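**Q** Sharing a structure here in structure tokens format.
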Amino acid sequence: MAIVVMIVVSIICFILSNVASDPAVGIAGPQATDADLELIRKTYGFDRPLPVRYVEYIGNLLQGDFGTSYLARRPALEMIVERLPVTALLAVLSMLLALAIALPLGCAAALRPNTIIDRFAQTLAVAGQAIPNFWAGLLLIIVFGVQLRWLPISGSSTLAHFVLPAITLGTFAMPPLMRLIRAGMMDVLSSDYIRTARAMGIRPLQLTFKYALKNAVLPVISLAAVQLGFMLGGSIVVESIFALNGVGYLAWQSMSRSDMPVIQAIVLLISMVYIVLTLLADLLNGLMDPRLRGSRS
């Protein structure tokens, strides 16, 4: 299924990138004459039927050729690989921050439902999902970068430069993780085997973290993989605000300049990473949950 999804994504990406705008205009610019555009279409093969161009596009992809930038005249894959470490580091730090907040608060809210801790966790989750990324990022820049001068507000040369962007991106991924952990823990804690273990005198701390959390965290793995893939593809706003020279910022530059080969390559690669992360999460769930292994056998 992952392979089928990749093929469908490649088709949609290719069609939309060629239908949304004229590639010849992206190369020649909006001031080009009709004669210039016609010459470019013949030179680059844009006048050929779309299915023929797609087959050629797939053939190039299988050889590792993701196209050449119209503006930089460089391979699109090379440009993405140069900036991928920045986006990957931002996504990993953001996910670690989101899990560091969601796991303890979600467990605490499940252990003490309808208390101050539970209400605080739910309020934080609602606020984290309601606040737009661009507004949160600008607010963090004003407070911690401009007024207090504690952290840098642009660039990616040190880990300190990733603190504010990671907070901005991580707070958006934290709410669904926290709600899922809370719901999973409450469901597990009310199950028969937990009541039996409690009646046998197992200590509450051991009962919570050794037995309950192990089962409650299984759906969180799948959601974390989806959120991580979303962070890789949805970091355009955050990278633009904090001037991080990553894939998201490259995507914004390419879209503003109609550099379609780079846009195609970014969408396709991030989609592939997203699919692979989801596949790995399913495999990891199968390894951790004996019930899934039994159903497959």
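The values are calculated or read from the model by the stated rules, or taken from the named source; none is laboratory data. The shown structure was predicted, so the numbers you read here are calculated from the model rather than taken from an experiment. Ideal geometry is used to build each Cβ from the backbone, glycine not excepted, and the neighbour counts take in all protein chains shown.
**Q** Tell me which residues, restricted to the range 43-81, are charged (D, E, K, R) and either surrounded by 12 or more Cβ atoms within 10 Å (Cβ to Cβ) or in contact (Cβ under 8 Å) with a residue 40 or more places away in the chain (or both).
**A** Of everything in the range 43-81, those that are charged (D, E, K, R) and either surrounded by 12 or more Cβ atoms within 10 Å (Cβ to Cβ) or in contact (Cβ under 8 Å) with a residue 40 or more places away in the chain (or both) turn out to be ASP47, ARG48, ARG53, GLU56, ASP65, ARG74, GLU78.
**Q** Run down LEU169, LEU140, LEU148 and say which single residue is among the hydrophobic types (A, V, I, L, M, F, W, C), over 24 Å from the mean Cα position of the chain (by Cα) and assigned by TED's automatic domain parsing to the domain that holds GLU239.
**A** LEU148
**Q** Could you check the range 204-236 and list, in sequence order, the residues that are outside any loop (DSSP other than H, G, I, E, B), crowded, with 19+ Cβ neighbours inside 10 Å and within 13 Å of the chain's Cα centre (by Cα)?
**A** Residues satisfying the conditions are ALA224, ALA225, GLN227, LEU228, GLY229, MET231, LEU232, GLY233, ILE236.
**Q** Considering only residues that are free of Cβ contacts under 8 Å to residues at least 24 places away in the same chain and not in a helix (DSSP H, G or I), which ones fall in the range 119-134?
**A** Once the filter is applied, which keeps residues that are free of Cβ contacts under 8 Å to residues at least 24 places away in the same chain and not in a helix (DSSP H, G or I), the range 119-134 yields only PRO132.
**Q** Within the range 77-109, can you find the residues that are farther than 30 Å from GLN264 by Cα and among the β-branched types (Val, Ile, Thr)?
**A** ILE101
**Q** Scan the range 84-98 for residues that are out of contact with any Gly (no Cβ under 6 Å at 6 or more places or on another chain), surrounded by 21 or more Cβ atoms within 10 Å (Cβ to Cβ) and either among the polar types (S, T, N, Q) or closer than 12 Å to ALA224 by Cβ (or both) and report the count.
**A** Summing the residues that are out of contact with any Gly (no Cβ under 6 Å at 6 or more places or on another chain), surrounded by 21 or more Cβ atoms within 10 Å (Cβ to Cβ) and either among the polar types (S, T, N, Q) or closer than 12 Å to ALA224 by Cβ (or both) in the range 84-98 gives 2.
**Q** Go through ILE194, ILE181 for me and flag whichever is part of a helix (DSSP H, G or I), in contact (Cβ under 8 Å) with a residue 12 or more places away in the chain and closer than 26 Å to LEU124 by Cα.
**A** Going through ILE194, ILE181 in turn, just one is part of a helix (DSSP H, G or I), in contact (Cβ under 8 Å) with a residue 12 or more places away in the chain and closer than 26 Å to LEU124 by Cα: ILE181.
**Q** So which of GLY155, GLY201, GLY137, GLY170 is of a type outside the set (S, T, N, Q), out of contact with any Cys (no Cβ under 8 Å at 6 or more places or on another chain), touching a residue at least 60 places away in the same chain (Cβ under 8 Å) and surrounded by fewer than 18 Cβ atoms within 10 Å (Cβ to Cβ)?
**A** GLY155
**Q** Here is a follow-up. Of everything in the range 140-151, what is loosely packed, with under 11 Cβ neighbours inside 10 Å and either in a helix (DSSP H, G or I) or in contact (Cβ under 8 Å) with a residue 60 or more places away in the chain (or both)? Give them in sequence order.
**A** Of everything in the range 140-151, those that are loosely packed, with under 11 Cβ neighbours inside 10 Å and either in a helix (DSSP H, G or I) or in contact (Cβ under 8 Å) with a residue 60 or more places away in the chain (or both) turn out to be VAL146, GLN147.
**Q** Quick test for you: out of ALA72, ALA108, pick the one residue that is out of contact with any Cys (no Cβ under 9 Å at 6 or more places or on another chain), among the hydrophobic types (A, V, I, L, M, F, W, C), over 15 Å from GLY246 (Cβ atoms) and not assigned by TED's automatic domain parsing to the domain that holds GLN206.
**A** ALA72
**Q** Can I ask one more? Check the range 152-163 and report whether any residue there is at pLDDT 85 or above, in a loop (DSSP other than H, G, I, E, B), touching a helix residue (DSSP H, G or I) at 6+ places or on another chain (Cβ under 9 Å) and among the β-branched types (Val, Ile, Thr).
**A** Scanning the range 152-163, I find no residue that is at pLDDT 85 or above, in a loop (DSSP other than H, G, I, E, B), touching a helix residue (DSSP H, G or I) at 6+ places or on another chain (Cβ under 9 Å) and among the β-branched types (Val, Ile, Thr), so the answer is no.
**Q** Something else now. Restricting to the range 217-233, name every residue that is touching an Asp or Glu at 6+ places or on another chain (Cβ under 8 Å) and modelled with pLDDT of 75 or more.
**A** Residue satisfying the conditions is SER222 alone.
**Q** How many residues does the range 260-283 contain that are crowded, with 19+ Cβ neighbours inside 10 Å and of a type outside the set (A, V, I, L, M, F, W, C)?
**A** Residues that pass the stated criteria total 4.
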